[in-house]
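A quick write-up on the structure given underneath.
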Amino acid sequence: MSGHSKWHSIKHKKAVTDSKRGAAFSKVIREITIAAREGGGDPETNPRLRTAMETARGVNMPTDNVERAIKRGTGELSGGIVLEELTYEGYGPEGIAIYVEAVTDNKNRTTPEIRKILAKHGGNLGEAGCVSWMFEKRGVIVIPVSAMPEEKMMELTLEAGADDMEVDGAYYSLNTSPDDFSSVCDAIKAKGITPESASVQMVPKTTVKVTGAVAERVLRLMDALEEHDDVQNAYANFDIPEDVLDSFKGEA
């Protein structure tokens with residue numbers, strides 16, 4: 001599997017703790033608020049909001065939280081801070097491409113902090129556009145293998161309109177175009193299957209293999225970026241051996 005998919009799997013396993021769940025809620029609430037602000041509060045006419053709501057369901061966010069975030073975005077609830085979307089592009093150890101999506105109320109605080117995280121872990125912040133061309137937006141739906149036998153899941157994947165399916169240990173990972181993401185999620189749920197997670201992400205077109213100490217540095221960099229309060233998502237184009245990944249998951 002790609003480094004992106006592996007990191008997504010690690011993030012999912014790490015998110016089971018209460019503290020991680022709280023951080024996930026904060027990120028999803030910000031995304032819902034911005035989506036509603038930009039495109040309105042009706043998910044039927046606002047694809048970005050519908051995707052954010054799918055993500056909210058994937059982390060078991062209460063409906064009240066979702067509704068408040070939508071109303072805050074549309075202006076029905078007054079107060080709150082003004083949020084701004086930012087993207088950061090740069091490089092990690094061995095020239096690994098790093099793409100970060102952030103939401104902040106103070107970019108003068110966030111930018112130097114992201115730069116510091118990259119530098120601390122052997123990377124550097126680059127210019128806009130330096131690595132974005134190495135990624136493409138894709139829908140990623142993660143489902144436990146216990147939900148259905150692999151042959152039947154592959155059949156369902158194709159019927160639902162997903163482009164492909166990979167198996168990563170205890171999970172299936174379905175890959176879709178952004179336009180087909182919501183309809184594939186609906187088709188999966190119509191079969192009585194609840195995804196472990198579902199979101200539209202930046203997936204690397206090609207990956208760079210790293211091993212040993214470099215691989216561990218890359219993983220710690222990704223973890224540090226994800227831990228930052230203003231970071232919504234962090235993506236990279238690494239490919240790391242399974243034993244290194246398993247060791248890192250054990251530390252998480």
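Derivation of every value follows stated rules applied to the coordinates shown; laboratory data play no part. No experiment lies behind these values; they were computed from the predicted model shown. Cβ: placed from backbone, ideal geometry, glycine included. Neighbour counts: every protein chain shown.
From most to least packed by mean Cβ count within 10 Å, the peptides 118-128, 213-223 give 213-223, 118-128. With the convex hull of its Cα atoms as the shape, the range 135-204 has an orientation-averaged projected area of 4.1 nm². Under 5 Å between amide hydrogens, built in the peptide plane, is the criterion, and for V208 it picks out F238, D239 among residues at least 5 positions away or on other chains. Against the empirical 2.2 N^0.38 Å (N residues), the range 101-252 has a Cα radius of gyration ratio of 1.18.
Subtracting the Cα-Cα distance of T206 and D164 from 0.36 nm times their residue separation leaves 13.5 nm of extension gain. Ranked by the mean number of other Cβ atoms within 10 Å per residue, highest first, peptides 99-106, 27-34, 205-212 order as 27-34, 99-106, 205-212.
Under a Gaussian network description of the chain, with springs only between Cα atoms under 10 Å, the residue in T74, T194, T63 that fluctuates furthest is T63. Each Cα pair under 8 Å and six or more residues apart adds its sequence gap; the mean of these over the residue count of the chain is a relative contact order of 23 percent. Amide H contacts under 5 Å for I98: G90, Y91, G92, restricted to partners 5 or more places along the chain or on a different chain, H placed in the peptide plane at 1.01 Å from N. Give the separation of the Cα centroids, the range 85-112 to the range 146-179, in Å. Result: 31 Å between the Cα centres.
Karplus-derived 3J(HN,Hα) values for the range 213-229, using 6.51 cos²θ - 1.76 cosθ + 1.60 with θ = phi - 60°, are 4, 5, 4, 5, 5, 4, 5, 5, 5, 4, 5, 5, 5, 5, 6, 5, 4 Hz; glycine and proline are entered as x. Summing charges over neighbours of R30, with a neighbour being any other residue whose Cβ is under 11 Å away from its Cβ, gives -4 when K and R count +1 and D and E count -1. Whole-Hz Karplus ³J(HN,Hα) for the range 52-66, in order, using 6.51 cos²θ - 1.76 cosθ + 1.60 and θ = phi - 60°, x for Gly and Pro? Once rounded to whole Hz, the list reads 5, 5, 4, 4, 4, 5, x, 9, 6, 6, x, 4, 4, 5, 5.
Subtracting the Cα-Cα distance of L86 and C130 from 0.36 nm times their residue separation leaves 14.3 nm of extension gain.
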